[in-house]
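The values are calculated or read from the model by the stated rules, or taken from the named source; none is laboratory data. Bear in mind the structure is a predicted one, so any value in this text is a computation, not a measurement. Quick reminder, even Gly has a Cβ in these numbers, built from the backbone with ideal geometry, and neighbours come from all protein chains shown. Just the protein is used for accessible areas: all its heavy atoms, side chains included, with ligands, DNA and RNA removed. Shrake-Rupley method; radii C 1.70, N 1.55, O 1.52, S 1.80 Å.
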Amino acid sequence: MSDQINEFFQPVSAMDLPRFAGVPTFMRLPNLTPDHPRYGEVQMGLIGVPWDGGTTNRPGARHGPRQLRDYSTMIRAMNPATGVNPFASVNCADLGDVPPNPVDILDSLDRVTRFYRDLKSQGITPMTAGGDHLITLPILRAMASEAPVGLIQFDSHTDLFDSYFGGNKFTHGTPFRRAIEEGFVDPQRFVQVGIRGTAYNTEDIDWGIEQGVRIIRIEELFDRGIPHVMAEVREIVGDQPTYCTYDIDFVDPTFAPGTGTPEIGGPNSFQAQQVIRELAGVNLIGADLVEVAPPFDAAGNTAWLGISLMFELMCVLSQAMK
């Protein structure tokens, strides 16, 4: 990767066009389709997956990508805490949305997988905005098609359940069980951070531990501290290819109320940033930010936090790509 700035792939500056003006794209980047003559120059692609067909209770995450795009006009190019400007080292672009099928879960999963296979064939590192958490499964099917990958999951739920409502295997509570069973995630290099909340039973936890998944409950994160826990996370995934998935309900609902299944007792917004910054040095091949549900947050604070965390993920992704 070159540190020479490619002007075409730079965000529109608020010094040139007010943030409230223009057509919103992720981070005010150019919006490219595969037939664009400069599509082949894209190194990091920002993608929306506006679909929540896997939701089992409160829908709304299908509206997340659109609001995240809108709020991303507030993001500036430089991360003052880390000194990283992701736009200065890799060519970033908004690659649009994966067109879902709102009435067919399996077809939507296939559509997502095909989209990301095309990205992988082009050598594009994906940064995704969901959508409910089931979208991570088809992304992993594409990204880990050659070999299982490590997985870092920030979440209040394990999403390791087997099925819901009479045997349905594909909901936002089952993606990582499927990903392990299908051989796309190495459970020995899979760590979950922030798990909490009331439970039906311990079936999901027990199954995950049996497979070798490292499950770090919120109590352990707070007792040990973020730097200590994240050092263990980095050790678990090692230097092999790793994907990061970030559910906005990892964050306490005081700071992120706009989500379908909130759980109290989570990190604040600064701690939500800290855990991402501690991913520096991880061999990341992609990331997603999911479960932002605008209907449950009229003020838009959740989307603003969500897009700010996406920027933090872009910073560590861009460094991993160098």
So what are the ³J(HN,Hα) numbers for the stretch 286-301, from phi and the Karplus equation (6.51, -1.76, 1.60; θ = phi - 60°), rounded to whole Hz, Gly and Pro as x?
x, 7, 9, 10, 10, 6, 6, 10, x, x, 9, 8, 4, 6, x, 4
Per the Debye formula with a single identical scatterer at each Cα and no solvent contribution, what log10 I(q)/I(0) holds for the stretch 75-167 at q = 0.13, 0.15, 0.17, 0.26 Å⁻¹?
-0.61, -0.78, -0.96, -1.41
HN-Hα J in Hz across the stretch 133-145 - Karplus 6.51, -1.76, 1.60, θ = phi - 60°, x for Gly and Pro
6, 5, 4, 5, 4, x, 5, 5, 4, 7, 6, 10, 5
Magnitude of the charge dipole, the stretch 77-139, Cβ model with Lys/Arg +1 and Asp/Glu -1, debye to 20:
260 debye
Provide the per-residue ³J(HN,Hα) series for the stretch 305-317, in order, calculated from phi with Karplus coefficients 6.51, -1.76, 1.60 and θ = phi - 60°, each as a whole number of Hz, with x at glycine and proline positions.
5, x, 6, 5, 6, 4, 5, 4, 5, 4, 5, 6, 5
Using modelled amide H (1.01 Å from N, peptide plane; none on Pro or chain starts), what sits under 5 Å from the amide H of Val290, excluding residues fewer than 5 places away?
Gly130, Tyr246, Asp247, Ile248
Calculate the spin-label point distance for Phe8 paired with Asn31, positioning each point 7 Å from the Cα along the beta-carbon direction, and give it in nanometres.
1.9 nm
Can you work out the FRET efficiency for the pair Arg277 and Val103, with r the C-beta to C-beta distance and R0 = 45 Å, to the nearest 0.05?
0.65
If you roll a 1.4 Å probe over the heavy atoms of the protein chains, what accessible area per residue do you get for the chain, in Å²?
41 Å²
Give the residue from Ala14, Leu29, Gln188 lying farthest towards the positive end of the charge dipole for the chain; charges sit on Cβ (+1 for Lys and Arg, -1 for Asp and Glu) and the dipole is referred to the Cα centre.
Ala14
Can you pull the percent of Cα pairs in the stretch 4-75 with separation above 18 Å?
50 percent
Give me the percent of accessible area attributable to carbon and sulfur for the chain, probe 1.4 angstrom.
53 percent
Summing +1 for each Lys or Arg and -1 for each Asp or Glu, what net charge is found among the other residues whose Cβ lies under 15 Å from the Cβ of Ile236?
-2
Convex hull over the Cα atoms of the stretch 61-121, averaged projected area in nm²?
5.8 nm²
So if each residue of separation counts as 0.36 nm, and I subtract the Cα-Cα distance between Glu181 and Arg224, what length gain in nm does that give?
12.3 nm
Above 36 angstrom, tally the Cα pairs of the chain and express them as a % of all pairs, no decimals.
10 percent
Do the sum for the chain: with -39,500 (n - 2.57) for every DSSP H run of n ≥ 4, divided by all residues, what is the mean residue ellipticity at 222 nm, to the nearest 500 deg cm²/dmol?
-9500 deg cm²/dmol
